[in-house]
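Participant: I am attaching a structure below and will ask some questions about it afterwards.
A short reminder: the numbers here are calculations on the coordinates, not readings from a lab. Keep in mind it's a predicted model, so treat the numbers as computed, not measured. Using ideal geometry, Cβ is built from the backbone for each residue, glycine included, and neighbour counts are taken over all protein chains shown.
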Amino acid sequence: MMDPRLIAEWAGKKWAFPTRLVVPSAATTVLTTPTSLLLGNPNRVAWMLINMAVNRGFFWFNSSITTTFGIPIEAGGDTWSADIDEDGELVYHPLFAALQTASGNMIVIEVLRDRGPKKEGV
């Protein structure tokens, strides 16, 4: 297994600042109506969205998401990701999702610019 310090050092060189991985302790339940997954955050440098539900979903960057409007993400583990190098300002915008026929779970993983010790509730 690769030493995590080497990965942190590589990320620091790539982006010229330290980063930290934010992995949720649980999946987010996504409804058939707009569900907020991420708030806007100018310190976000990357995110990955995983659809764990058994039905197709859609995601978008504001609450106008519907079960027919947005970027499709297929059922059963389909993923989408964005990072600042390839997608620019898109990564810091809010992220919303809706599932097509029934509620289910999605997971969002983030990479944030590390601005020092983590504060409670952040």
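Participant: If you take the alpha carbon radius of gyration of region 19-113 and divide it by 2.2 N^0.38 Å, what ratio comes out, to two decimals?
Facilitator: 0.99
Participant: If one computes the Cα centroid of region 11-58 and of region 74-104, what distance in Å separates the two points?
Facilitator: Taking the Cα centre of each part, region 11-58 and region 74-104 sit 7 Å apart.
Participant: If you place +1 on the Cβ of every Lys and Arg, -1 on the Cβ of every Asp and Glu, and leave all else neutral, what size is the dipole of the chain about its Cα centre, to the nearest 20 Debye?
Facilitator: 360
Participant: Please sort by residue number the GluC sites (Glu not before Pro) in region 73-104 whose DSSP state is loop and whose Cβ has at most 16 other Cβ atoms within 10 Å.
Facilitator: 74
Participant: With everything on Cα atoms, drop me the angle between helix 4-15 and the longest principal axis of the chain, reported from 0 to 90° to the nearest 10.
Facilitator: Approximately 80 degrees, to the nearest 10.
Participant: Seen from all sides and averaged, what is the projected area of the convex hull of the Cα atoms in region 1-64, in nm²?
Facilitator: Mean projected area of the Cα convex hull: 6.3 nm².
Participant: For region 28-122, which trypsin sites (Lys or Arg not before Pro) pass both filters: DSSP loop (anything but H, G, I, E, B) and at most 12 other C-beta atoms within 10 Å?
Facilitator: For trypsin sites (Lys or Arg not before Pro) across region 28-122 that sit outside H, G, I, E and B with at most 12 neighbouring Cβ atoms in 10 Å, the list reads 115, 118, 119.
Participant: Another question, if that's okay. Rounded to the nearest 500 deg cm²/dmol, what is the calculated helix-only ellipticity per residue at 222 nm for the chain, with -39500 (n - 2.57) per DSSP H run of length n ≥ 4?
Facilitator: -3500 deg cm²/dmol
Participant: Out of residues 5 or more away from residue 73 or on other chains, whose amide H comes under 5 Å of its own, with H placed 1.01 Å from N in the peptide plane?
Facilitator: For residue 73, the qualifying residues are 57, 58, 59.
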